[in-house]
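Asks: Encoded as structure tokens, here's the structure I'll be asking about.
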Amino acid sequence: MVDSPILITGGAGFIGSHLADALLARGHAVRVLDNLSTGKRSNLALTNPRLELIEGDVADAALVARAMSGCKAVAHLAAVASVQASVDDPVATHQSNFIGTLNVCEAMREHGVKRVIFASSAAVYGQNGEGMAIDEDTPKAPLTPYAADKLASEHYLDFYRRQHGLEPAVFRFFNIFGPRQDPSSPYSGVISIFTERAQAGLPITVFGDGEQTRDFVYVGDLVQVLVQALEADWLEAGPVNVGLNRATSLKQLLTAIGEVLGEMPTVNYAEARAGDIRHSRANNARLLLRYEFPVATPLREGVARLMGR
Ligand code: NAD
Ligand code: UD2
């Protein structure tokens, strides 16, 4: 019998490629649809015959339908993950970040595929709940095209759930980090930027006083949850925050990097970024109720793995 693959849109990217590795290790066949805009072939185990890469765009409805054919489930992770890119070009990023979701929903309907994981973001809360543990019922305040596209995608997935029986598992990721996260833009994840610069002996710029906090989740821990959501017999509706309910300041992050390197990196302080959120932390009660969350990888260990130590 031919094994039905799990489709991962954006599977050549940071999170998607770790999910592909985990699914292959569990014996699933995997099909990746990715336009390689930020994703890379080298992130994928392409010599594995159970892995297939389709190079193309989720904005192309016909291609998404072809990629969906014969799949047993979908992880829809493809998006322009840079908020700044959505601010600079809302029309172009809308094609990936919203039309892509709609195309996935329609293709699922056409091919009778039910289960879909969706990578939403803490960005849907905007600055609401700042300084508190943000739960899923916190009022939404999408402040950028990126956040608006994520929230609209969530609503459309819920429409397809009610109308067409789709089984969406919507996750609002807080700050995910780990190997393969692209450090090349000034708006890349702070951990990828800091570790890359520290390893190259370059100075690090902290915007603000370094006391701002984030809820950092190691990518391997996130992926264990995504795998459960793909394999579960039954899913409860409603979005789930993915965070540790743990606040880590940039200063604590720098200390962890210094410990792994054996010396403190050189740090410059600059003006805080306009609109920067000071504290972001997830109430993760729903995550812990619905999924078996692993013992969280400690920041220092995650940073060490990222730096290949
Ligand atoms: P990433 O840029 O590494 O991955 C995104 C992937 O999607 C890339 O491989 C890219 O080439 C692909 N892609 C982009 N537009 C596409 C298109 N139109 N058609 C096909 N493929 C396309 O980023 P990531 O951090 O792995 O993000 C994965 C998902 O998680 C994204 O949806 C992102 O918005 C979401 N997310 C990430 C974080 C985080 O902390 N990294 C936080 C919240 C949400
Ligand atoms: C995350 C998302 C962003 C958006 C936002 C919504 C990532 C990479 N960013 O932004 O897309 O969803 O959440 O809340 O997932 N910083 C420095 N120096 C640097 C880079 C960053 O000091 O070189 C600071 C930055 O000003 C911020 C903190 O580090 O205070 C974290 O920055 P980030 O971009 O990694 O994450 P965040 O939560 O601001």
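The values are calculated or read from the model by the stated rules, or taken from the named source; none is laboratory data. Because the structure is a prediction, the values reported are computed rather than measured. Quick reminder, even Gly has a Cβ in these numbers, built from the backbone with ideal geometry, and neighbours come from all protein chains shown. Surface accessibility is based on the protein's heavy atoms, side chains included, excluding ligands, DNA and RNA. Shrake-Rupley method; radii C 1.70, N 1.55, O 1.52, S 1.80 Å.
Asks: Go over the candidates SER184, SER249 one by one and state the one that is outside the structural domain of VAL74 (by TED's automatic domain parsing) and within 11 Å of ligand 1 (Cβ to nearest atom).
Replies: Going through SER184, SER249 in turn, just one is outside the structural domain of VAL74 (by TED's automatic domain parsing) and within 11 Å of ligand 1 (Cβ to nearest atom): SER184.
Asks: Here's something else I'd like to know. Considering segment 69-94 alone, what residues qualify as being under 19 Å from ILE6 (Cα atoms) and surrounded by fewer than 17 Cβ atoms within 10 Å (Cβ to Cβ)?
Replies: Result: SER69, GLY70, LYS72.
Here's the yes/no breakdown for (1) open to solvent by less than 30 Å² (accessible area, probe 1.4 Å); (2) in contact with a Lys or Arg (Cβ under 6 Å, 6 or more places away or on another chain); (3) under 20 Å from PHE173 (Cα atoms):
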{"site": "SER4", "(1), (2), (3)": "no, yes, no"}
{"site": "THR9", "(1), (2), (3)": "yes, no, yes"}
{"site": "ALA20", "(1), (2), (3)": "yes, no, yes"}
{"site": "THR38", "(1), (2), (3)": "no, no, yes"}
{"site": "ALA45", "(1), (2), (3)": "no, no, no"}
{"site": "PRO49", "(1), (2), (3)": "no, no, no"}
{"site": "GLU52", "(1), (2), (3)": "no, yes, no"}
{"site": "ALA67", "(1), (2), (3)": "yes, no, no"}
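Asks: Looking at segment 95-118, which of its residues are open to solvent by 10 Å² or more (accessible area, probe 1.4 Å) and within 13 Å of ligand 1 (Cβ to nearest atom)?
Replies: Answer for segment 95-118, where residues must be open to solvent by 10 Å² or more (accessible area, probe 1.4 Å) and within 13 Å of ligand 1 (Cβ to nearest atom): GLN95, SER96, PHE98, ILE99, LEU102, ASN103.
Asks: Let me ask something else about it. All but one of (1) in a helix (DSSP H, G or I); (2) within 16 Å of ligand 1 (Cβ to nearest atom); (3) among the β-branched types (Val, Ile, Thr) hold for THR297, so report the exception by its number.
Replies: That leaves (1) as the condition not met.
Asks: Here's something else I'd like to know. Look through VAL206, VAL170, VAL217 and report the one residue that is open to solvent by 10 Å² or more (accessible area, probe 1.4 Å) and part of a strand (DSSP E or B).
Replies: Answer to the check: VAL170.
Asks: When the residues of segment 220-259 are narrowed to those that are in a helix (DSSP H, G or I) and open to solvent by 30 Å² or more (accessible area, probe 1.4 Å), which ends up nearest to GLY165 (Cα to Cα)?
Replies: Checked segment 220-259; the qualifying residue nearest to GLY165 (Cα to Cα) is GLU231.
Asks: So MET132 fits all but one of (1) open to solvent by 30 Å² or more (accessible area, probe 1.4 Å); (2) away from ligand 2 (no atom under 15 Å from the Cβ); what number is the exception?
Replies: That leaves (2) as the condition not met.
Asks: Further question: Tally the residues that are touching a Gly at 6+ places or on another chain (Cβ under 8 Å) and within 22 Å of SER120 (Cα to Cα), restricting the search to segment 1-21.
Replies: 12
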